[in-house]
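Enquirer: Below is one structure. I have some questions about it.
The values are calculated or read from the model by the stated rules, or taken from the named source; none is laboratory data. These figures come from a predicted structure and were not determined experimentally. FYI the Cβ positions are ideal-geometry reconstructions off the backbone, even for glycines, and counts take in every protein chain you see.
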Amino acid sequence: MRKKKVTSTDVAREAGVSQATVSMILNKKYNVSFSRETIERVEAAARKLGYAAAKPKSRKNARREKLLVVFCSNLTNPYYVMLLQGIESRAKEAGFGLFVCNTQRDLKMEERYLKMMLQLKPLGIIYTCNPSHCFMKQVEELARQIPVVVVNNQNEKMNVDAVELDNSKLGRIMARHLLELGHHKVAYIAPPLTARQKQRSKRVEGFLKEYEEAGFKDGVIIKAAGEEMDLTVAHIDSEYKIGYDLTRELLEETRDITAIVGLNDMIAFGILDALQEEKIRVPAEMSVMGCDNTLFARIHKVALTTIDHFVVYKGRDACDIIMKKIDSRDTQYADLEPVSSYHVEYEPRLIVRGTTGYPSGRKRK
């Protein structure tokens, strides 16, 4: 006959205490004070009856949380919030939770989060920008174990799935719009143009290339913030301040320009406010452009001309690629696991609003 298993209730009866007291004492949870005599009595009763406490479920046997990890370099720019919105909406539909790693463009933070991945064991990882160059090999190795998708600059060659963006094309579209309006002397304001942030440089290079082909490259002034801006924790107004401060500097140096471009919408908002303080009318005296088509581009006092590259859709697509990878690993139709590569790209679109027009003195043809 099978021996009946001893329970904590049996120990409580033997020791003359409550079952809750037995549970707390044997699990070493002394958040309630017990006398030494009570503790010894419970432990003695457990030994006498041969009571064995139930072992906690191991992590291996516990139900695995459906988790995706998202690496963000900066959460102060609405661009990244829009990407997250797209990722989260699709993840929620599929029953996944999100763990967001805000690296703040800090190499040590990025390295720390990457080291956590094999312990955390998410079902997928999404980078909302290119990984730092020193970690690209590490990310590629990680992709062999966990599906990884990078929302990246098309010019960066990586052996991982990608939702791509041709930043040089964005720069060309911005330049073409201003050239068609007749702006031959313009300024371009950008965050630090460092090797670590190559996607920024690609956007500027595309802009310059278009002006060079039109014969007006010498009319372009590039003003970029100092590298120290990327070495400090980004504040909510960091990119706005780059636009504002560098526009103030620019206007002290020259007034011989008819348009100013911000690398993104947040910088463009800073440009607009600096121009307003100087009582320079937009677009009558100065045209202004941004990029990303964030929500604020539509609700600013003068609606911003910008470039839409369908950021929310990119977030959803990055999530969809992860789901496809998971499905291909979980559903086997052949003896070999398929190796697939996904690359998605949207064609950017110029959104002309109220901040660009013909230069002063030039009439519509």
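Residue-wise test of (1) farther than 14 Å from VAL70 by Cβ; (2) in contact (Cβ under 8 Å) with a residue 12 or more places away in the chain; (3) basic (Lys, Arg).
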{"site": "ALA94", "(1), (2), (3)": "yes, yes, no"}
{"site": "THR103", "(1), (2), (3)": "no, yes, no"}
{"site": "LYS115", "(1), (2), (3)": "yes, no, yes"}
{"site": "LYS121", "(1), (2), (3)": "yes, yes, yes"}
{"site": "ILE126", "(1), (2), (3)": "no, yes, no"}
{"site": "MET136", "(1), (2), (3)": "yes, yes, no"}
{"site": "VAL151", "(1), (2), (3)": "no, yes, no"}
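Enquirer: Is it true that TYR30 is aromatic (Phe, Trp, Tyr), at pLDDT below 80, assigned to a loop (DSSP other than H, G, I, E, B) and over 30 Å from ALA143 (Cα atoms)?
Expert: Numbers: aromatic (Phe, Trp, Tyr): yes; at pLDDT below 80: yes; assigned to a loop (DSSP other than H, G, I, E, B): yes; over 30 Å from ALA143 (Cα atoms): yes.
The answer is yes for TYR30.
Enquirer: For region 237-280, which residues satisfy the criterion of being loosely packed, with under 15 Cβ neighbours inside 10 Å, at pLDDT below 95 and within 22 Å of THR194 (Cβ to Cβ)?
Expert: Within region 237-280, ASP237 is the sole residue that qualifies.
Enquirer: Now for a different question. Which condition number in (1) of a type in the set (Ser, Thr, Tyr); (2) at pLDDT 85 or above; (3) not assigned by TED's automatic domain parsing to the domain that holds VAL151 is the one that SER18 fails?
Expert: With (1) of a type in the set (Ser, Thr, Tyr); (2) at pLDDT 85 or above; (3) not assigned by TED's automatic domain parsing to the domain that holds VAL151 applied to SER18, the lone miss is (2).
Enquirer: Counting only residues that are more than 30 Å from ASP265 (Cβ to Cβ) and surrounded by 10 or more Cβ atoms within 10 Å (Cβ to Cβ), which one in region 53-77 is modelled with the lowest pLDDT?
Expert: ARG64
Enquirer: Applying the selection to region 102-113, what residues are crowded, with 21+ Cβ neighbours inside 10 Å and either touching a strand residue (DSSP E or B) at 6+ places or on another chain (Cβ under 7 Å) or under 20 Å from ASP161 (Cα atoms) (or both)?
Expert: Residues of region 102-113 that are crowded, with 21+ Cβ neighbours inside 10 Å, as a first pass: 103, 105, 110.
Selection gives THR103, GLU110.
Enquirer: Within region 317-365, restricting attention to residues that are under 24 Å from VAL288 (Cα atoms) and among the small types (Gly, Ala, Ser), which residue is modelled with the lowest pLDDT?
Expert: GLY361
Enquirer: Which condition number in (1) assigned by TED's automatic domain parsing to the domain that holds GLU205; (2) over 16 Å from THR306 (Cβ atoms); (3) without any contact (Cβ under 8 Å) to a residue 40 or more places away in the chain is the one that ALA143 fails?
Expert: It is condition (1) that ALA143 fails.
Enquirer: Right, ALA303: modelled with pLDDT of 95 or more and outside the structural domain of GLN85 (by TED's automatic domain parsing) or not? Even if it seems obvious, please write down each step before you answer.
Expert: Working: modelled with pLDDT of 95 or more: no; outside the structural domain of GLN85 (by TED's automatic domain parsing): yes.
Judged against the criteria, ALA303 is not a match.
Enquirer: Now a separate question. Counting only residues that are within 21 Å of the chain's Cα centre (by Cα) and either farther than 21 Å from GLY86 by Cβ or surrounded by 16 or more Cβ atoms within 10 Å (Cβ to Cβ) (or both), which one in region 281-295 is modelled with the lowest pLDDT? First the steps, then the outcome.
Expert: First pass over region 281-295, keeping only residues within 21 Å of the chain's Cα centre (by Cα): 290-295.
Checking which are either farther than 21 Å from GLY86 by Cβ or surrounded by 16 or more Cβ atoms within 10 Å (Cβ to Cβ) (or both) leaves us with 290-294.
On the way: GLY290: 97, CYS291: 95, ASP292: 93, ASN293: 93, THR294: 89.
Looking at the filtered set, the residue picked out is THR294.
Enquirer: Here are GLN145, GLN119: which of them is at pLDDT below 90 and either assigned to a loop (DSSP other than H, G, I, E, B) or buried (at least 18 other Cβ atoms within 10 Å of the Cβ) (or both)? Walk me through it before giving the result.
Expert: Details: GLN119 fails: either assigned to a loop (DSSP other than H, G, I, E, B) or buried (at least 18 other Cβ atoms within 10 Å of the Cβ) (or both).
From the options GLN145, GLN119, the qualifying one is GLN145.
Enquirer: Related question: Among the residues of region 292-326, how many are more than 22 Å from LEU98 (Cβ to Cβ) and small (Gly, Ala, Ser)? Give the steps one after another, and end with the answer.
Expert: Kept after step one, since they are more than 22 Å from LEU98 (Cβ to Cβ), are these residues of region 292-326: 293, 296-309.
Then drop every residue that is not small (Gly, Ala, Ser), which leaves 297, 303.
Number of matching residues: 2.
Enquirer: Would you point out which residue out of PHE216, PHE269 is hydrophobic (A, V, I, L, M, F, W, C) and under 21 Å from LEU304 (Cβ atoms)?
Expert: Working: PHE216 fails: under 21 Å from LEU304 (Cβ atoms).
Exactly one of PHE216, PHE269 is hydrophobic (A, V, I, L, M, F, W, C) and under 21 Å from LEU304 (Cβ atoms), namely PHE269.
Enquirer: Residues being outside any helix (DSSP H, G or I) and of a type in the set (Gly, Ala, Ser): count how many of those fall in region 66-95. Give the derivation first.
Expert: Here is the first cut: in region 66-95, the ones outside any helix (DSSP H, G or I) are 66-77, 94-95.
This time we only want the ones that are of a type in the set (Gly, Ala, Ser), so: 73, 94-95.
The qualifying residues number 3.
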